[in-house]
Amino acid sequence: MSYVDEVMAKVEKTYPAEPEFLQAVREVLDSIRVVVDANEEKYRRDALLERLVEPERIISFRVPWVDDKGQVQVNHGFRVQFSSAIGPYKGGLRFHPSVYQGIIKFLGFEQIFKNSLTGLPIGGGKGGSDFDPKGKSDREVMAFCQAFMTELYKYVGADVDVPAGDIGVGGREIGYLYGQYKKITGLYEGVLTGKGLTFGGSLARTQATGYGLVYIVEEMLKHMGQTLEGKKVAVSGAGNVATYAVEKAQQLGATVISMSDSNGFIYDPDGIKLDVVKEIKEVRRGRIKEYVDKVPTATYTEGKGVFKLPCDIALPCATQNELDLEDAKALKANGCILVAEGANMPSTREATDFFLENGMPFMPGKASNAGGVATSALEMTQNSMRLSWTFEEVDAKLKDIMVGIYAKVAGAAEKYGMAGNFVAGANIAGFEKVVEAMQAQGIV
Ligand code: NDP
Ligand code: 2IT
């Protein structure tokens with residue numbers, strides 16, 4: 001059995017109850033097979049893959065907090081410190097009822113390669129909780145965040161592990177988490193990114209994931225001899241990533257026809273009115289269906305369906321495995337020319353394979369949504385330097401980073417005889433830097 005298959009079999013046997021983690025590992029190992037096969041003896045002796053797929057550490061803890069009725073609630077908290085080969089652990093925190101160890105491990109594993117692709121010195125980590133911020137008062141969210149940090153503070157630090165936002169964790173949550181870290185440790189340091197602009201946050205971090213996604217789409221289109229001007233774009237999600245992907249796509253002349261949340265999706269053939277969405281989602285924390293109250297020419301449909309809409313470009317920006325084989329087939333049948341992932345692993349493995357087998361340009365999340373964490377790393381830089389760059393400076397660096405990621409991904413695919421396969425390119429390019437760092441640092 002090849003070394004890759006041997007390690008995959010071991011992981012499957014050890015973690016059968018973590019399907020998302022297995023999915024992420026399988027995709028990476030399949031991609032890097034060419035590199036591993038060429039170095040099989042050495043990698044096997046050094047147990048390189050076994051070390052790559054096993055987190056350095058998993059912290060799992062109880063989070064007790066008091067709700068508005070005086071009832072004590074208990075949630076489960078996690079931080080997976082996956083790999084510090086190329087820098088301090090870096091990656092978001094997700095607060096969503098679906099969170100369990102397998103979700104955080106899949107996200108932490110993806111983060112290793114994503115962070116490597118940014119070219120910046122950040123390792124891979126992820127954390128979160130099964131806490132559901134939906135329907136909670138601000139005081140309840142604060143109480144939960146304080147309780148979460150009361151345990152987490154022991155394991156994080158500006159040069160150790162630097163969490164940020166993800167699903168259910170935005171500026172409000174980062175603010176409460178930061179306040180509690182500072183109160184307990186007495187340190188005013190860049191322990192979190194995505195902070196408010198008045199206490200060490202970076203301009204353009206809020207926009208960075210969505211903007212970065214569209215910058216890499218622009219780069220892909222450039223290599224296809226096209227631009228975003230006049231393109232019809234289907235976006236899923238209505239959170240941080242989706243909102244700013246829509247904003248940048250519109251600025252570059254595209255018409256965005258859809259957004260969604262976990263209840264349903266809106267279709268606005270005239271182009272999404274983003275000020276209406278921002279008012280609903282960012283100000284009132286409401287549901288996307290409220291959009292049609294303000295824009296009666298748009299329609300709202302319960303359930304899934306964004307990727308059944310005819311479009312030129314599809315940007316899944318909600319959550320893992322939201323885009324399945326049926327969606328992929330519909331996209332192709334409807335003439336879609338490009339898919340780029342804003343979310344982490346939003347396409348199922350079957351959908352991904354369909355895109356690749358049918359030669360549809362497809363950029364995987366670990367490359368196309370890396371603008372968020374890259375700008376987090378720029379926030380860390382600014383915190384260390386004790387200064388703040390302008391929006392334009394950060395945005396220009398973000399754009400350069402995304403163009404650089406495209407070049408790395410396309411270059412690695414070409415080097416290994418798989419030109420145009422950006423999944424293989426992203427995994428190989430991300431892996432090469434990490435593996436070199438691991439080898440240089442010995443058996444640790
Ligand atoms: P938000 O919490 O701001 O928004 C999440 C959006 O996705 C909401 O519209 C939410 O709908 C929807 N969603 C969440 N879970 C589900 C689900 N199970 N089924 C259907 N829809 C769902 O999160 P972000 O925008 O920050 O994150 C979106 C994706 O982007 C995630 O995959 C995240 O990991 C990834 N990402 C985020 C980065 C960041 O900087 N924030 C960076 C890189 C990747 P609802 O309100 O109904 O739950
Ligand atoms: O998935 C991701 O890259 C994020 N949620 C952002 C991580 C970060 O540290 O900014």
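The values are calculated or read from the model by the stated rules, or taken from the named source; none is laboratory data. Everything numeric in this text was worked out from a predicted model, so none of it was measured. Cβ coordinates were reconstructed from backbone atoms using ideal geometry, including for glycine residues, and neighbour counts include every protein chain displayed.
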- Which of the residues belonging to the stretch 175-202 are under 17 Å from PHE95 (Cα atoms) and either crowded, with 24+ Cβ neighbours inside 10 Å or of a type in the set (Ser, Thr, Tyr) (or both)? TYR176, LEU177, TYR178, LEU192, THR193, GLY194
- Query: Somewhere in the stretch 186-202, is a residue in contact with a Gly (Cβ under 7 Å, 6 or more places away or on another chain) and closer than 26 Å to GLU302 by Cα?
  - Reply: no
- When the stretch 135-155 is checked residue by residue, the ones that are closer than 13 Å to TYR178 by Cα and β-branched (Val, Ile, Thr) are THR150
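Can you tell which of GLU54, GLU12, GLU40, GLU18 is at pLDDT 95 or above, touching a Gly at 6+ places or on another chain (Cβ under 6 Å) and more than 22 Å from GLY165 (Cα to Cα)?
Numbers: GLU54 fails: touching a Gly at 6+ places or on another chain (Cβ under 6 Å); GLU12 fails: touching a Gly at 6+ places or on another chain (Cβ under 6 Å); GLU40 fails: touching a Gly at 6+ places or on another chain (Cβ under 6 Å).
One residue alone meets the criteria, GLU18.
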- Note on the structure: Only one of (1) closer than 21 Å to LEU52 by Cβ; (2) not in a loop (DSSP other than H, G, I, E, B) does not apply to ALA374, and that is (1)
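Against the definition (small (Gly, Ala, Ser) and part of a helix (DSSP H, G or I)), how does SER98 come out, yes or no? Explain how you work it out, then say what you get.
Numbers: small (Gly, Ala, Ser): yes; part of a helix (DSSP H, G or I): no.
Considered against the rule, which asks whether it is small (Gly, Ala, Ser) and part of a helix (DSSP H, G or I), SER98 comes out as no.
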- Message: Between VAL156, VAL169, which is touching a residue at least 24 places away in the same chain (Cβ under 8 Å), within 13 Å of ligand 2 (Cβ to nearest atom), β-branched (Val, Ile, Thr) and farther than 19 Å from ARG287 by Cα?
- Response: VAL156
- Item | Whichever residue in the stretch 185-223 is β-branched (Val, Ile, Thr) and assigned to a loop (DSSP other than H, G, I, E, B) and, among such residues, is nearest to ligand 1 (Cβ to nearest atom) | THR193
- Message: Here is a list: GLY127, GLY119, GLY135, GLY108. Which entry is assigned to a loop (DSSP other than H, G, I, E, B) and within 13 Å of ligand 1 (Cβ to nearest atom)?
- Response: GLY135
- Message: I'm trying to understand the selection: among the residues of the stretch 87-105, which are surrounded by 19 or more Cβ atoms within 10 Å (Cβ to Cβ), within 14 Å of ligand 1 (Cβ to nearest atom) and under 20 Å from PRO55 (Cα atoms)?
- Response: LYS90, GLY91, GLY92, LEU93, ARG94, VAL99, ILE103, ILE104, LYS105
- Item | Selection count, the stretch 310-366, where residues are of a type in the set (Gly, Ala, Ser) and within 17 Å of ASN421 (Cα to Cα) | 6
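Counting only residues that are within 27 Å of GLU218 (Cβ to Cβ) and among the β-branched types (Val, Ile, Thr), which one in the stretch 266-294 is farthest from ligand 1 (Cβ to nearest atom)?
In the first step, residues of the stretch 266-294 are kept if they are within 27 Å of GLU218 (Cβ to Cβ); the result is 266-278, 281-282, 288, 291.
Still in the list and also among the β-branched types (Val, Ile, Thr): 266, 272, 276-277, 288.
Numbers: ILE266: 11, ILE272: 13, VAL276: 15, VAL277: 10, ILE288: 7 Å.
For the stretch 266-294, the residue satisfying everything is VAL276.
When you look at THR206, is it touching a strand residue (DSSP E or B) at 6+ places or on another chain (Cβ under 9 Å) and surrounded by fewer than 24 Cβ atoms within 10 Å (Cβ to Cβ), yes or no? Please lay out each step first, then the result.
On the way: touching a strand residue (DSSP E or B) at 6+ places or on another chain (Cβ under 9 Å): no; surrounded by fewer than 24 Cβ atoms within 10 Å (Cβ to Cβ): yes.
Answer is no for this residue.
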- Residues (among the charged types (D, E, K, R), touching a Ser or Thr at 6+ places or on another chain (Cβ under 8 Å) and surrounded by fewer than 19 Cβ atoms within 10 Å (Cβ to Cβ)) located in the stretch 266-303: ASP270, LYS278, GLU282
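From the set of residues in the stretch 226-242 that are more than 24 Å from LYS397 (Cα to Cα) and out of contact with any helix residue (DSSP H, G or I) (no Cβ under 6 Å at 6 or more places or on another chain), which is farthest from ligand 1 (Cβ to nearest atom)? Before you say what the answer is, go through the steps one by one.
If we filter the stretch 226-242 for residues that are more than 24 Å from LYS397 (Cα to Cα), which is where we start, we get 230-238.
Filter again for out of contact with any helix residue (DSSP H, G or I) (no Cβ under 6 Å at 6 or more places or on another chain), leaving 230-232, 237.
Working: GLY230: 26, LYS231: 21, LYS232: 21, GLY237: 4 Å.
Within the stretch 226-242, the match that is farthest from ligand 1 (Cβ to nearest atom) is GLY230.
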